[in-house]
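Student: Got a structure here, written out as structure tokens. Questions coming.
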Amino acid sequence: MRSRNPVFSRRGFTSGGGYANFNAAPQSGSATQGNPYGNNPYAQPTNPYANNPYAQGAADVQYGGPQAPARSGAMTIDDVVLRTGITLAAVILAAGAAWALRLPAPVGFGAGLVAMVLGLVQAFKAKPSPAIILAYAVFEGLFLGVLSQAYNTIAQGAPMQAVLGTTAVFAGVLVAYKTRLIRVDRRFTRFVAGAAIGFLLLMTVNLLFAVFGGGDGLGFRTGGLGIVFGIVGVVLGACFLALDFKQVEDGVKYGAPREESWLAAFGLTLSLVWIYTELLRLIAILNQD
């Protein structure tokens, strides 16, 4: 299960990490030379389902072909649902506590920084760490609770509207993915990755101008431009969700280890948090206007 989410795009399974090395070519003289499936323990020549595009380096195949039979210890949809539920519950409980306790802005800012560091640590780890993922969820929840309270003073009811909007986006993307209205292939992945990098660079420049130049920076987060970039941010978040769904589908289809369901839960949580914060900002701008 190679992640297509830009957050995890540099990760792949390696034999040193105990998983199949989907990317490495067989070494000269090795037992796997001449085997088009490499050293993937899930895709042996005798396996009729050994058409794993990651093992062969073939073009992406999103649909079609039989599903590989379930293996003991392999990831299932139930595993992903359970761990995603646990991770989101940690975010929601922490956000509720921050809201109820009315934590000050510096505490929320500090929690956000810790959450960002933990997210980066997990993104660069060879294996998913439930402890890091749950710690990220708690600190991210604290940050969201403080942020939501601040936006609620600007636009009364904005947090609840953002929650409902995030739920609607999730349901819409899931239906579109399952009905094949969204096809996640290499072209789609490259487009989303490039758009995300450009979006983040523009937001970083805008933030730097705001910090050092004062005011609203370049105006990408206020007024008409703020509305445009808010909509773009929500659309990007929806694209991230489609990549996450593809990640889960591939993990189940090709028998990824059960522990990888934590990585899928982490990716889904990141995407949902992204959508929520973009909607929160967009609703606040619309209410101001």
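The values are calculated or read from the model by the stated rules, or taken from the named source; none is laboratory data. All values reported here derive from a predicted model rather than from experimental measurement. In this analysis, Cβ positions are derived from the backbone assuming ideal geometry, glycine residues included, and neighbour counts consider all displayed protein chains. Ligands, DNA and RNA are excluded from the accessible area calculation, which covers all protein heavy atoms including side chains. Shrake-Rupley method; radii C 1.70, N 1.55, O 1.52, S 1.80 Å.
Student: Mind counting the residues in region 116-154 that are in contact (Cβ under 8 Å) with a residue 12 or more places away in the chain, among the β-branched types (Val, Ile, Thr) and open to solvent by 40 Å² or more (accessible area, probe 1.4 Å)?
Tutor: Residues meeting the conditions: 2.
Student: Could you tell me which of the residues VAL228, VAL205, VAL211, VAL138 is assigned to a helix (DSSP H, G or I) and touching a helix residue (DSSP H, G or I) at 6+ places or on another chain (Cβ under 8 Å)?
Tutor: When all the criteria are applied, what remains is VAL138.
Student: Right, next: So which residues in region 234-251 are surrounded by fewer than 23 Cβ atoms within 10 Å (Cβ to Cβ) and β-branched (Val, Ile, Thr)?
Tutor: VAL234, VAL235
Student: Would you mind telling me which numbered condition in (1) farther than 22 Å from GLU140 by Cα; (2) crowded, with 16+ Cβ neighbours inside 10 Å; (3) of a type in the set (Val, Ile, Thr) ILE231 fails?
Tutor: So ILE231 meets the others, but not (2).
Student: Also, quick follow-up: If you scan region 155-176, which residues turn out to be more than 15 Å from ASP244 (Cβ to Cβ), of a type outside the set (Gly, Ala, Ser) and open to solvent by less than 40 Å² (accessible area, probe 1.4 Å)?
Tutor: Within region 155-176, just PRO159 meets the criteria.
Student: Turning to a different aspect of this structure: With the requirement that a residue be under 15 Å from GLY267 (Cα atoms) and touching a Phe, Trp or Tyr at 6+ places or on another chain (Cβ under 7 Å), what does region 88-124 give you?
Tutor: ALA115, LEU118, GLY119, GLN122, ALA123
Student: Can I ask one more? Hey, among PHE240, PHE220, which residue is in a loop (DSSP other than H, G, I, E, B) and not acidic (Asp, Glu)?
Tutor: When all the criteria are applied, what remains is PHE220.
Student: Then there is this: Restricting attention to region 177-198, which residues are buried (at least 16 other Cβ atoms within 10 Å of the Cβ) and either of a type in the set (Lys, Arg) or out of contact with any helix residue (DSSP H, G or I) (no Cβ under 6 Å at 6 or more places or on another chain) (or both)?
Tutor: PHE188, THR189 - these are the residues of region 177-198 that are buried (at least 16 other Cβ atoms within 10 Å of the Cβ) and either of a type in the set (Lys, Arg) or out of contact with any helix residue (DSSP H, G or I) (no Cβ under 6 Å at 6 or more places or on another chain) (or both).
Student: Is there any pair linking a residue in region 71-94 that is under 19 Å from PHE245 (Cβ atoms) and among the polar types (S, T, N, Q) to one that is at pLDDT below 95 and open to solvent by less than 70 Å² (accessible area, probe 1.4 Å), with Cβ under 7 Å and at least six apart or on different chains, and which?
Tutor: Final answer for the pair search is THR76/VAL252.
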